[in-house]
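To start, the structure itself, in structure tokens.
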Amino acid sequence: MQNVKRAAGLLAMVLLLVGAGRWALAEDKLRVYTVNYPLAYFAERIAGDLATIVFPAPPGVDPAFWMPDEETIAAYQTADLILLNGADYATWTARVSLPRSRLVDTSRGFKAQYIQQPNMTTHSHGTSGQHSHGGTAFTTWLDLDQTAQQAEAIAQALSRKRPDAKVQIERNLEALRDDLLGLDARISEVARTEPGRPLLASHPVYQYLGRRYGLNLRSVMWEPEEMPSESQWTELKGILSEHPAKWMIWEDEPAEKTVERLRALGVQSFVFNPCANRPSAGDFLTVMAGNARSLNRIFGLVSGDQ
Ligand SMILES: [Zn+2]
């Protein structure tokens, strides 16, 4: 009986210790907040179990122009790290007070290579209000070499917070970098088949993509879900007269009516999803692989035609 009691006491103590250990572990996890989905995906890959990664924007909004509510801002303020995209992305981060020491501007390393855009007219996407794409172009991660640099900045910030885990962090970064640079090489190879080929972009978000892969892009300001106005069609015809593109790339699947009318002008539609928000299926890499396939079809059709 005595033995049983002692064993039970011991067991209780062990359970208590295990419980405490687990609690300490959960407490130990870094809380990392990000301003877009690509940064969240990279942080998840690099941090593994070290951190809980939170990207709190609801699905369907464009995180570039999203404004979090007060409660969400408070959550950002208490995070261990806040990953920013830089390049004037998510301007709300400059308008609220965030702890400077925990901010990580992931694109600061290539700040000198930011693309500046002329002022453009304002417009709105869905419910996010009016915005303009003038100023600094911000879709930095569509140049996958730049993306790899952003991933590196995340790894450095995590290592500073958890120096003990540096080796694991570096290993995870290497695996991610291999994936990103593999895609980079694939897209480069496809785009090299005919570098000057005129292409249209439905929205001015492909500046870094165009520069990195040598795409000859001209952009309009259309929305996938909205039928362009007659003046927008007239503008497009003007562009086509000097930039005879046969393909338009879209952020998302465009409306069938728009696709048909474009086809009548000899222009086919392809999705190249910037993936700024969490995709409904797959992840950053599978979406980018799909984008690479879109480009493959565009350039593949070229060689098939001739
Ligand atoms: Zn826009």
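The values are calculated or read from the model by the stated rules, or taken from the named source; none is laboratory data. From a predicted model like this one, the values you see are computed outputs, not experimental measurements. Neighbour counts run over all protein chains shown; Cβ positions are idealised from the backbone, glycine included.
When you scan the range 119-136, do you find a residue that is within 16 Å of the ligand (Cβ to nearest atom), part of a helix (DSSP H, G or I) and of a type outside the set (D, E, K, R), even just one?
No; the residues of the range 119-136 include none that is within 16 Å of the ligand (Cβ to nearest atom), part of a helix (DSSP H, G or I) and of a type outside the set (D, E, K, R).
So which pairs qualify, if the first residue must be in the range 189-206 and over 13 Å from residue 245 (Cα atoms), the second must be within 16 Å of the ligand (Cβ to nearest atom) and assigned to a loop (DSSP other than H, G, I, E, B), the Cβ gap must be under 6 Å, and the two must be at least 6 apart or on different chains?
Matching pairs, first to second residue: 203/251; 204/133; 205/139; 205/274.
On the given criteria, is residue 167 over 25 Å from residue 277 (Cα atoms) and without any contact (Cβ under 8 Å) to a residue 12 or more places away in the chain?
Numbers: over 25 Å from residue 277 (Cα atoms): yes; without any contact (Cβ under 8 Å) to a residue 12 or more places away in the chain: yes.
Taking the combined requirement at face value, the residue satisfies it.
For the range 191-201, which positions are more than 16 Å from the ligand (Cβ to nearest atom) and closer than 16 Å to residue 267 by Cβ?
197, 198, 199 - these are the residues of the range 191-201 that are more than 16 Å from the ligand (Cβ to nearest atom) and closer than 16 Å to residue 267 by Cβ.
Within the range 189-201, which residues are among the β-branched types (Val, Ile, Thr) and part of a loop (DSSP other than H, G, I, E, B)?
Listed by number, the list holds a single entry, 193.
I'd like the residue in the range 109-118 that is under 17 Å from residue 39 (Cβ atoms) and either in contact with a helix residue (DSSP H, G or I) (Cβ under 7 Å, 6 or more places away or on another chain) or aliphatic (A, V, I, L, M) (or both) and, out of all such residues, is nearest to the ligand (Cβ to nearest atom).
So the residue we want is 110.
Picking from 20, 7, 57, which residue would you name as being surrounded by 10 or more Cβ atoms within 10 Å (Cβ to Cβ) and at pLDDT 95 or above?
It is 57.
Would you check which residues across the range 202-247 are crowded, with 17+ Cβ neighbours inside 10 Å, in a helix (DSSP H, G or I) and within 14 Å of the ligand (Cβ to nearest atom) and list them?
Correct list: 207 only.
Quick check on the range 95-108. Is at least one of its residues outside any helix (DSSP H, G or I), within 16 Å of the ligand (Cβ to nearest atom), more than 18 Å from residue 285 (Cβ to Cβ) and free of Cβ contacts under 8 Å to residues at least 24 places away in the same chain?
There is no residue in the range 95-108 that is outside any helix (DSSP H, G or I), within 16 Å of the ligand (Cβ to nearest atom), more than 18 Å from residue 285 (Cβ to Cβ) and free of Cβ contacts under 8 Å to residues at least 24 places away in the same chain.
Please verify whether residue 186 is under 19 Å from residue 276 (Cα atoms), part of a helix (DSSP H, G or I) and in contact (Cβ under 8 Å) with a residue 12 or more places away in the chain, treating the condition exactly as stated.
No; evaluated as a whole, the condition is false for this residue.
Mind listing whichever residues of the range 58-94 are more than 27 Å from residue 112 (Cα to Cα), more than 16 Å from the ligand (Cβ to nearest atom) and assigned to a loop (DSSP other than H, G, I, E, B)?
58, 59, 68, 69, 78, 79, 80
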